[in-house]
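For reference, the structure is listed below as structure tokens.
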Amino acid sequence: MKTLETKEFTERPAVQQATEQLKIVIVGHVDHGKSTFVGRLFYDTGSLPEGKLEQLQRAAERRGAPFEWANLMDALQSERDQNITIDTAQIWFKTAKRQYVIIDAPGHKEFLKNMITGAASAEAALLLIDAHEGVQENSRRHGYLLHLLGIRQMAVLVNKMDLEGYSERRFRQIEAEYSAWLKEVGVEAKLFIPISARNGDNIAGRSTNMPWWNGPTVVEALDQFVVGAPLLNLPLRFPIQDVYRFDERRILAGRVESGQLKVGSRLLFLPSNKSSSVKTIERWNAPSQDVARAGESIGITLTEQIFVERGAVACLESEPPLELTWFKARVFWMGREPLRKERPYKLKLVTQETDCWVEKIERVLDASTLASVERTDGEQYVGRHEVAEITLRTRKPIVFDVHQDVAPMGRFVLVDGFEVSGGGIVAPAAYPRRTSDSSLKSSHLYWSSGKVTREHRARRNGHPGCVIWLTGLSGSGKSTIATELERELFNLGKQTYVLDGDNIRHGLCSDLAFSPRDRRENIRRVGEVAKLFADAGLIVITAFISPYRADRELARSMLPKGQFVEVYVKAPLEVCEKRDTKGLYARARANELKEFTGISAPYEPPESPELVLPTDQLTVEECVNLIIEHLHLRDHETIVSI
Amino acid sequence: MDYLSKLENQSIYILREAFNKFENLAMLWSIGKDSTVLLWLARKAFFGHVPFPLVHVDTTYKIPSMIEYRDRLVREWKLELIVGKNEEALRAGQTYPNGRLSRVACCSLLKKDALKQVLEKHGFTGVIVGVRRDEEPTRAKERYFSPRDKNMEWNVEDQPPELWDQFKTDYAPGTHIRIHPLLHWTEINIWEYIERENIPVIPLYFANAKGERYRSLGCAPCTAPIKSQARTVREIIEELRNTKTTERSGRAQDQESEDAFEKLRRDGYM
């Protein structure tokens, strides 16, 4: 191998312990030497497995073909046409300073999609330009996309300098041309390095072929990059990934995307606009710490139980994100079908998901020229591999930041059918800030009001609509109280209706079982139905075990303040089990019924219900009277006496 | 944040995404170091719990102490274990150790097809697997959330883009998604983490009196130990820092033909 004989390979000092890792992506126009560069980089940093190089060289010799560095990375059969086995492709390498991870090995057909996949998680990028061919379409496109993806650390490697006689003039020419392009894109041109990947010039060792070059080698340039974006100093953003109920605790799980939260921090949850404080920060098999910083996947518990679900974003009240049903964005499209205005897409932004559609396509760009794309057919769409400035409209309010302010909250993907088809960043615009009165926001945003108002109905009925929410163990007396209360209210001339657990499960919720997830959905549906009935002016009585506090809080949050009356129908388990009117306890004890509340599933008693009815001490009549008294009290205070 | 914590946090995030997005989720557990680290990470993600079943594909040719170790952890950590076997192939004696099949064909029946059978039987739509990019070249091309079609096949030429931890969690009926929370870890990272967390690993990884240890575990007839004096986790890490042989060099099926492993993986192997 000529190139190897002429090039002295210097052994690098053994790496002690790599204390940090930097993720890099390598991009550039096809055939500008990405694979060759990676092969050479591995060799020059001593990162190749023993015997690998010799094996490849022998294989090349057998085929009578010249050895190519690129073969090292071309591992998949579809990408190679020669008959050699490559049983390893480590995609990480080490320098004296740290470990590097090459996120996506180059050389794939669908390169743009892979390039974007790799670049999106990279902390730095190397962009290769062939000194002989000069700046090409993908050199420009990749440069633009790196910028769009938020990569701010980049070195441009002018490769194949050997083909240009190691000419400084040629190097400076390309440097000038590409710097001008980057400037147009909005990037300050930082670092250009002349290299020959094939011969190893200026990769790990300084080239003797280019004595005019005083700048860094590639490895030196890499070692100058900084690890980790400064997300810690940004406002707190803690998107909820999931809510777990383990070991009798309700844990909100998620990753701190920016800033930090502490035990005691007062958190505002958007879009529900509810507040609570951090009681504990939960980790498993880790030292206890009262603070969680950007990048940590943790769990928290709250001091006051409020309803929170996946997609909520916790922040500090002093520095909230934006919360709207529209935003402006720059998107790049990878879908087979173009991005069109009339089609619905799914938007995913941190853990939020909502349907959305393109309200306006401001401009479609060719990412390799930045020229506007004019459609000859007069249609408006964003084609595959095109970039566009658009306005998105979402079905639900979405919590976000402008990308340049808080990057993790300002980037999103669009899903078309089953496929992630586009990505984008939130562009700056004149967004209205959140107002403190958000009662008209979130769930009420698309509430259509008729001409007959809640007040009109209340005046005619002589009472407002409300929900009497009976909760308690099976056999505690909920249904008995509910039917008796309904009869009494009816006799008093009130509009009333009972939503009974068993009845609802026969129809509306017949598709649900008794897992925590299904129970939550059951209660959500009941809550929504109760809300509609109450809005129609009825005194709705619900009789559901509703064992989880958070689920009841969800129901409460659906109704105007004061119109949700939580009644804890309280009887000891032994009493309920003794009553066992439906024979369910016996079956649960015999293991015939799974997830039976009180036996094999938990019941979380209300912390501050409007009423508690100890049914082992009170008669049904007494219970009903207590509820009616409570309602009358409220009647005098509120709207009923209009 | 140190790099092990970074790796850990990313894996936890992925596990939680998987748990949220897939109603019918399972984790493959090969008893080896990687999937045991994965199991540990699941306990991290879910605060000491493992809220989905583990699937062990048992070829019946595993090194016997692997099964003992498996059953011990199942008891101690209160795990739900599903054992998958290709009973039909085993009954017919269609195996490499019986001399009837090549190594790769044996893998294909006893591992790949057994896996397919167990996934179909339980209707799993999300399967968590502990593969790493640095293990071998086809795995280097993987995604964190990697779709498999109805025949369990992997279309490596047309993989979904993966941006900013937004994964492919929408999939057509009949297809499933492989989830790879350890994709970004290296072999050394695994051992460093085992050391940091004090995770119990099977003793086969440590050098015995003959000066041999297993670096990668598989079926007894096709897995060879390496020469080694590493008797502790720390010594293994030191050894790996200085080695230049590949992790799977002791796995004979990989060497049987040049693209053996690639073919297996395209057809649905882990």
Eigenvalues of the alpha-carbon gyration tensor of segment A:531-642, times 5 and square-rooted, give semi-axes in Å, largest first, of 30, 17, 12
Taking the Cα-to-Cβ direction at A:PHE246 and at A:ASP502 and moving 7 Å from each Cα, how far apart do the two end points lie in nm? 3.8
In this model, which of A:LYS23/B:LYS168; B:LYS78/B:LYS263; A:LYS113/A:LYS183; A:LYS341/A:LYS396 are farther than 28 Å apart at the alpha-carbon? B:LYS78/B:LYS263
For B:LYS21, give me every one of the aspartates and glutamates with a C-alpha distance below 13 angstrom, ignoring sequence neighbours fewer than eight places off in its own chain. A:ASP242, A:GLU353, B:ASP170
Of the residues A:GLY254, A:SER277, A:LEU232, the Cα lying farthest along the dipole of segment A:229-280 towards its positive end, which is defined by charges on the beta carbon of Lys, Arg, Asp and Glu, belongs to A:SER277
Relative contact order (%) - chain A, alpha-carbon pairs under 8 angstrom, separation at least six: 9
Under 1.5 on a/c is rounded, so check that first for segment B:121-220, then, if it is not, pick prolate when a/b is larger than b/c and oblate when it is not; a ≥ b ≥ c are the square roots of the alpha carbon gyration tensor eigenvalues. prolate
Pulled fully out, how much extra length does the chain show between B:ASN155 and B:HIS122, if you take 0.36 nm times their separation in residues and subtract their Cα-Cα distance? 9.5 nm
Ranked highest first by average number of other Cβ atoms within 10 Å, how do A:549-561, B:198-210 line up? A:549-561, B:198-210
Amide H neighbours of B:ARG215 under 5 Å, counting only residues 5+ apart in sequence or on other chains, H built in-plane at 1.01 Å? B:ILE226
Can you compute the FRET efficiency between B:ASN208 and B:HIS49 using 1/(1 + (r/R0)^6), with r the Cβ-Cβ distance and R0 = 25 Å? Round to the nearest 0.05. 0.10
Could you grab the Rg to Rh ratio for segment A:454-641? Cα atoms only, Kirkwood for Rh. 0.96
Unsatisfied cross-links (Cα-Cα over 22 Å) in the set A:LYS262/A:LYS561; A:LYS274/A:LYS531; A:LYS531/A:LYS594; A:LYS531/A:LYS582: A:LYS262/A:LYS561; A:LYS531/A:LYS594; A:LYS531/A:LYS582
Mean residue ellipticity (222 nm) of chain A, computed from DSSP H runs ≥ 4 via -39,500 (n - 2.57), nearest 500: -7500 deg cm²/dmol
With unit charges on the beta carbon (Lys/Arg positive, Asp/Glu negative), name the residue among A:THR496, A:LEU611, A:CYS623 whose Cα is farthest towards the positive pole of the charge dipole of segment A:454-641. A:THR496
Net lengthening on full extension, B:ARG91/B:GLU195 (0.36 nm per residue, minus Cα-Cα): 33.3 nm
Going highest first, how would you order B:177-186, A:315-324 by mean Cβ packing within 10 Å? B:177-186, A:315-324
Can you give the angle from 0 to 90° between the axis of helix A:168-185 and the longest principal axis of chain A, with both taken from C-alpha atoms, to the nearest 10? 20
Taking just the alpha carbons, could you work out the radius of gyration and Dmax for segment A:231-316, both in angstroms? 11.5, 34
In angstroms, what radius of gyration and Dmax does chain B have, counting Cα atoms only? 17.8, 54
I need the fraction of alpha carbon pairs in the protein assembly as shown separated by more than 35 Å, rounded to a whole percent. 58
For A:GLY422, what residues show an amide H to amide H distance below 5 Å, using hydrogens built from the backbone and excluding near sequence neighbours? A:MET334, A:LEU414
Looking at A:SER288, A:CYS315, A:VAL243, which one has the Cα that reaches farthest to the positive end of the dipole of segment A:231-316 (charges on Cβ: Lys, Arg +1; Asp, Glu -1)? A:CYS315
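Bear in mind these aren't lab numbers, they're just calculated from the coordinates by the rules spelled out. Computed from a prediction, not measured in an experiment: that's the story for all the values here. Ideal geometry is used to build each Cβ from the backbone, glycine not excepted, and the neighbour counts take in all protein chains shown.
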